[in-house]
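The structure appears below as structure tokens.
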Amino acid sequence: MAEKPKLHYFNGRGRMETIRWLLAAAGVEFEEELFETREEFEKLIQGGTLMYEQVPMVEIDGMNLVETRAILRYIAAKYDLYGRNLKEQAWIDMYVEGLKDLSDMIMYFPLSLPEEKEMNLAYILERATTRFFPVYEKALRDHGQNFLVGNQLSWADIQLLEVILMAEECKPSVLSGFPLLQEFKARISHIPTINKFLQPGSQRKPPLDEESMETVKNIFKFEHGMFLKNMGTIVAEY
Ligand SMILES: N[C@@H](CCC(=O)N[C@@H](CS)C(=O)NCC(=O)O)C(=O)O
């Protein structure tokens, strides 16, 4: 029997969470090696398995895979979640890259400077409801199918559900103007592998609280103002 993939990351969502979602939705069991301190992370770096001295890293099929998008593409292709042809792959790519822009904003939001929190949250919700969610609502309306691409479950559907749930953590009513996304959320959440991942006790991670935020800042040596450095789109709004 093939070995279970092993995920190396800190004990939180971050860039690894979409990888967890994809594996879980594919019904793949995985192990996690979760570090909690800077020292543990440095030990991992010294082990020489991190190509760019960065995580996420996933041990899978005899490889030490790094770079989030490379890992996701490998898993999506391996478990038949990446379309049936190049065109479907291109559609999936367009959807997941847009979703990444939105989820990056939400992921970095806790790093906002206190005086900018309200403004950044308003910006995220505005972008979610006027730029990103209308695209997926329209796609579902136009083709009338249950999934975003090719009438079968793909990486795009899984990442859309993940991001919908993240956005709802920012504002529970964020889907109020999107009836088809509400149905989509209910439908995809009921897929047995996904439903299992959504249950308490699964390997899905909770949003970062203040204390774990400090841990993350220490592990990765985050600097003041990092939110702005990473969020090109937000800087452009200033
Ligand atoms: N392009 C990489 C970026 C990875 C990255 O920035 N990882 C952070 C943790 S989420 C890290 O390892 N930071 C430590 C460092 O850059 O020294 C990816 O998408 O995987």
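The values are calculated or read from the model by the stated rules, or taken from the named source; none is laboratory data. Bear in mind the structure is a predicted one, so any value in this text is a computation, not a measurement. Here the Cβ positions follow ideal geometry from the backbone for every residue, glycine too, while neighbour counts run over all protein chains shown.
Being aliphatic (A, V, I, L, M), crowded, with 19+ Cβ neighbours inside 10 Å and more than 15 Å from the ligand (Cβ to nearest atom), is that true of even one residue in region 56-74?
Looking for residues that are aliphatic (A, V, I, L, M), crowded, with 19+ Cβ neighbours inside 10 Å and more than 15 Å from the ligand (Cβ to nearest atom), one finds none in region 56-74, hence no.
Enumerate the pairs (first residue in region 118-129 and in contact (Cβ under 8 Å) with a residue 12 or more places away in the chain; second residue anywhere and among the basic types (Lys, Arg) and not in a helix (DSSP H, G or I)) with beta-carbon separation below 6 Å, excluding pairs fewer than 6 apart on the same chain, so at least 6 apart or on different chains.
Close Cβ pairs (under 6 Å, with a partner that is among the basic types (Lys, Arg) and not in a helix (DSSP H, G or I)) amount to Leu125/Lys171.
Kindly list the number of the only condition in (1) touching a helix residue (DSSP H, G or I) at 6+ places or on another chain (Cβ under 8 Å); (2) among the polar types (S, T, N, Q); (3) under 14 Å from Ile219 (Cα atoms) that fails for Gln54.
(1)
With region 168-238 as the region, which helices (runs of 4 or more DSSP H) entirely inside it contain at least 2 residues that are modelled with pLDDT of 85 or more?
In region 168-238, 179-189, 192-198, 210-220 are the helices (runs of 4 or more DSSP H) which contain 2 or more residues that are modelled with pLDDT of 85 or more.
If you take the residues in region 17-42 that are in contact (Cβ under 8 Å) with a residue 60 or more places away in the chain and within 11 Å of the ligand (Cβ to nearest atom), which one is nearest to Ile188 (Cα to Cα)?
Thr18
Yes/no matrix, rows are residues, columns are (1) more than 15 Å from the chain's Cα centre (by Cα); (2) in contact (Cβ under 8 Å) with a residue 60 or more places away in the chain:
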position: Phe10; (1), (2): no, yes
position: Arg13; (1), (2): no, yes
position: Leu50; (1), (2): yes, no
position: Pro56; (1), (2): no, no
position: Ala76; (1), (2): no, yes
position: Tyr82; (1), (2): yes, yes
position: Ala90; (1), (2): yes, no
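Residues checked against (1) surrounded by fewer than 18 Cβ atoms within 10 Å (Cβ to Cβ); (2) within 17 Å of Ala26 (Cβ to Cβ):
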site	(1), (2)
Ala76	no, yes
Tyr79	yes, yes
Lys117	yes, no
Asn120	no, no
Ser154	no, yes
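When region 109-135 is examined, which residues are found to be in contact with a helix residue (DSSP H, G or I) (Cβ under 6 Å, 6 or more places away or on another chain) and farther than 18 Å from Glu168 by Cβ?
Leu111, Ser112
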